[in-house]
1. Would you mind stating whether residue 118 is within 30 Å of residue 91 (Cα to Cα), surrounded by 16 or more Cβ atoms within 10 Å (Cβ to Cβ) and of a type in the set (D, E, K, R)?
2. If a residue must be of a type in the set (Phe, Trp, Tyr) and part of a loop (DSSP other than H, G, I, E, B), how many such residues does the range 303-354 contain?
3. Name every residue in the range 297-321 that is within 27 Å of residue 438 (Cα to Cα), under 20 Å from the mean Cα position of the chain (by Cα) and without any contact (Cβ under 8 Å) to a residue 60 or more places away in the chain, in order of residue number.
4. Exactly one condition in (1) of a type outside the set (D, E, K, R); (2) without any contact (Cβ under 8 Å) to a residue 60 or more places away in the chain; (3) loosely packed, with under 15 Cβ neighbours inside 10 Å is not met by residue 283; state its number.
5. Filter the range 45-89 for residues that are assigned to a helix (DSSP H, G or I) and of a type in the set (S, T, N, Q) and give the result.
6. In the set 86, 68, which member is at pLDDT 90 or above, polar (S, T, N, Q) and crowded, with 16+ Cβ neighbours inside 10 Å?
7. So for the range 17-30 (the condition being closer than 20 Å to residue 79 by Cα, free of Cβ contacts under 8 Å to residues at least 40 places away in the same chain and out of contact with any Lys or Arg (no Cβ under 7 Å at 6 or more places or on another chain)), does at least one residue qualify?
8. Inside the range 376-400, can you point out the residues that are in a loop (DSSP other than H, G, I, E, B) and either among the hydroxyl-bearing types (Ser, Thr, Tyr) or under 16 Å from residue 414 (Cβ atoms) (or both)?
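The values are calculated or read from the model by the stated rules, or taken from the named source; none is laboratory data. Computed from a prediction, not measured in an experiment: that's the story for all the values here. Heads up, the Cβs are rebuilt from the backbone with ideal geometry, glycines too, and the neighbour counts pull from every protein chain shown.
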Amino acid sequence: MNVEVTKLPESRVALKIELTAEEAGQALDRTYKQLVQRVNVPGFRKGKAPRSVVERVVGAELFVHEATDEAVRWAYRKAIDQENLTPIDEAEIQPGSDGHDHLSPDQSFHFEATVAVKPEVRLPDYSAIKIERNQPEVTDADVEALVQEIQQRNATLEPKTRAADIGNVVTMSISGQVNGKEVINQDDVDFELKDEDDQPDPMLPGLSRQLVGVNPGDIKDLALALPELYQDQEIAGQTLVLRILVKEIKRKVLPEIGDDLVQSVSQFQTLDELRDALRANLQLEQKLEADQRMVADAIEAVTSRTFIEIPPILIEEELERMIGEMQQEFERRHLSWQQYLDTASQSEADIRNDMRESAAQNVKTSLVLAAVADEENIETPNREIDAALEDLFRGAQTSETERRRLRSSAGVRTNIRNRIRRQRAVQRLVSIMSGEDVSAEAAEDVADQTAAAADDLQETVAVEVGG
């Protein structure tokens, strides 16, 4: 068999494949052996009818068509193996330049196949790239800020006779309508007035500043503009009209910061012990954040120096994954995906276009990490996949039957293997480029977020030839 390979844009290849007359004859023989086991021929036991009889029973045209499909399947797979290609889509099969689209006895057979293949990844010399850890020190002020948060959370409330201010708690009756439809009606609601410049209240955005200055007995008619991404999509982007009766105003009374407070809210006995524990926790958080920055720096440094012709099908598959995750998140929150699209005045096609660049970057990152894993000979033994599965099962309400199915699922095991390989490839990159180790936790997010589709490339073959 002769194979001629031509590289095309977007990681596609064109294969011109020629079977010898002998190989074409072997395809005819294999087809006969397959059909003779399936076709009932009067006067012959199954599998014993001569080839000429089988051809007559099934029809010469059908026999040749089946043999041609068999020849294409066999030759295409052999060509792919011979040329070390990994198809990622169905091949487009066309007759050869001689125009013959079916096998003929004692003649060679030509056909052409065009297919997208796993793209070539030419990694830079990442051992020459250097990154540094950027981890700020935990200061006494950082620790004291946490102590003060504990103090705030344990404050008591006492009635106040003066007007409400930021930090006070207003007890009120509240009713609200959107377009004449009642959406809230509650009595004796405690609402803390907060500075919303940095973080608006998720339920009643802007209400705090409108209640500053109220006094007990006041009745306030207010209007709040709800954001487009409001948690209740049915009223998102609309105006909430409120009527509020102020019943009581309370101020916070902060407990004294000292050992008594510490003992009442924690397992520690002294303020110094609490401060030490808070400092240690902050240092762990700072280290994780620094690790994550190093992971991001390492990936950006390598991917920005790597050129890959990404096949469009991989980007489309990643877009499907990303859209699917968004829809699942909406379902988890009991929100309507379609209402979100309607409220945002966008179609799903608009969302896909907005996400296309991120999808392409995800695919590129995944391909780069897979190449690094290959370069560094990173393997994932079956015992580690088994352990990862057991971690997933721990605490999950999964039947033993379902667990057995998942343990034996080739697709599930492949996904876990590739995720672990990506995670370790990230850790290896950071180690090489910085001389430091980062935690598996810091690498997990990248391993989970990158496009698994780019790793899990499966060969598919089209067998329709001619008419």
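1. yes
2. So the answer is 1.
3. Within the range 297-321, just 300 meets the criteria.
4. Just one mismatch for residue 283, condition (2).
5. Within the range 45-89, 52, 68, 82 qualify.
6. Result of the check over 86, 68: 68.
7. The answer is yes, given that some residue of the range 17-30 is closer than 20 Å to residue 79 by Cα, free of Cβ contacts under 8 Å to residues at least 40 places away in the same chain and out of contact with any Lys or Arg (no Cβ under 7 Å at 6 or more places or on another chain).
8. Listed by number, the residues that qualify are 378, 379, 380, 381, 398, 399.
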